[in-house]
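All remarks here apply to the structure that follows.
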Amino acid sequence: MDSYLIQVNGHGDHAPMLDVHLKSTGNTISPGKAKGRKPRWAVRASEMSKKTFNPVRAIVDSMKVEPNPKKAMISLSLGDPTVFGNLPTNDEVTRAVKEVLDSGQYNGYAPSVGYQSCREAVAAYYNCPEAPLKAQDVILTSGCSQAIELALAVLANPGQNILVPRPGFSLYKTLALSMGIEVKLYNLLPEKAWEIDLEHLESLVDEKTACLIVNNPSNPCGSVFSKSHLQEILAVASRQCVPILADEIYGDMVFADCKYEPIATLSTNVPILSCGGLAKRWLVPGWRMGWILIHDRRDIFGNEIRDGLIRLSQRILGPCTIVQGALERILHRTPPEFYHNTLSILKSNADLCYAALSAIPGLQPVRPAGAMYLMVEIEMEHFPEFENDVEFTERLISEQSVFCLPATCFEYPNFFRVVITVPEEMILEACSRIQEFCEMHYQGAEGAQDLECDK
């Protein structure tokens, strides 16, 4: 029979100490001395954390540059429409959340995939004959970013690859590499309003391709694909039997002369996971409410993908319950004028910015059709003192206090991205400073050649 002795030692003002001796058949095991192991600290970061890399943060954090102290900073870099206060959400949206909070009925845990009533509300909002949806086709998530993460995690295994647009939102690569998934970049064509180079796209598909990411409307391009182009994309996916992850967070955020087509409404056989949320259209990115819509007309995903998404959603306990409680009212009672006014402001800013930058020698903006962005090509041969777009945008900060993201952040060098959600007067002031900067550094063909010879 093993015996165990616990001895309490203590005297004077000191608290009693537990002195533990384990006696087992005559052998004494001292605490902390496990058999065959010498204790030592060996805490290391996980492989997943080491593989997690955000190119935007890496590039921006390495830009050791101070703005011009004589000029107020104008940041055209952050895709957050709330920063300057000129694009508030609608009162109906705010009121819905206040009433839910006051009710006290949504303070507890919800199912990991979201409340059934909330999934029904999203399904009803997006349901249409071309792409029918039921509550079981909706997974609620903590923002669109988590929707993309779950969609990638359910579709791809380590060692497989995904097809990602170039230029494209950096999060796709960040998430994929952290999961051990290879990223293959397919080209978008600026001369065709950022349409996909379909031949290049199809050439990248192999037996390890797990999915194709289609971002429409686009960040960073501000482009909107036509119905015919979306049908061409679907034809490639159908031929190659590759499912689509559709990032449609900017869905319906298109200017008046354009029409947004959810890609699932054009597909009869390609299975699609469409990711969206409240962040951009309702101007509340911090509320972290997103969703995955499962479109599977031919039952190709079957139960496996649905069950996989449910299991993955159980890793955390779903999105904010307060916002869930307000979701039906937000979706169905936000007045149409709110969306119209937001788009009117964005379109006006886009037109102003495009016109101003088009007049600057050495810059070639690509006209946007939606979302919140505009991409600008830098004709680097006319700015020979700068090595690349990162140097160009660094000097723009230090000389003019205007911050635009270098498109190297989006795997597309020698462009920069402008965010068009800032107030109109800031857009005009920023464009004026960009013009002054370019006029200062622009070299014609002869000047550029002479500068090259001097190097």
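The values are calculated or read from the model by the stated rules, or taken from the named source; none is laboratory data. The structure displayed is predicted, hence computed values, not measured ones. So basically every Cβ, Gly included, is an ideal-geometry build from the backbone, and we count neighbours across all protein chains shown. Note: areas computed on protein heavy atoms with side chains; ligands, DNA, RNA excluded. Shrake-Rupley method; radii C 1.70, N 1.55, O 1.52, S 1.80 Å.
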Quiz prompt | Solvent-accessible area per residue, Å², over the range 91-333 with all protein chains present [probe radius 1.4 Å] | solution = 40
Quiz prompt | Theoretical FRET efficiency, 1/(1+(r/R0)^6), r = Cβ-Cβ of residue 332 and residue 47, R0 60 Å, to 0.05 | solution = 0.85
Quiz item: Using alpha carbon centroids, what distance separates the range 156-200 and the range 307-333, in Å?
Solution: 27
Quiz prompt | Dipole magnitude (debye, nearest 20) for the chain, charges at Cβ of Lys, Arg, Asp, Glu | solution = 2380
Self-check item: With at most 11 other Cβ atoms within 10 Å, longest stretch of the chain clear of loop GluC sites (Glu not before Pro) (DSSP)
Solution: 1-206
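Pairs 51/192; 184/347; 192/227; 98/347: which are spaced more than 25 Å apart, C-alpha to C-alpha? Spell out each step's value before the answer.
Numbers: 51/192 34 Å; 184/347 33 Å; 192/227 15 Å; 98/347 31 Å.
Those over the limit are 51/192; 184/347; 98/347.
If I compute solvent accessible area with a 1.4 Å probe over the protein chains, what percent of it on the range 91-333 is carbon and sulfur? Don't skip to the answer; put the middle values down first.
Working: 4580 of 9790 Å².
Ligands and nucleic acids excluded, carbon and sulfur give 47 percent.
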Practice problem: Mind checking which aspartates and glutamates have their Cα closer than 20 Å to the Cα of residue 64? Skip sequence neighbours fewer than 8 apart in that chain. | Solution: 385, 387, 389, 391, 394, 399
Quiz item: How long is the chain along each principal axis, judged by its Cα atoms, biggest number first, in Å?
Solution: 95, 63, 52
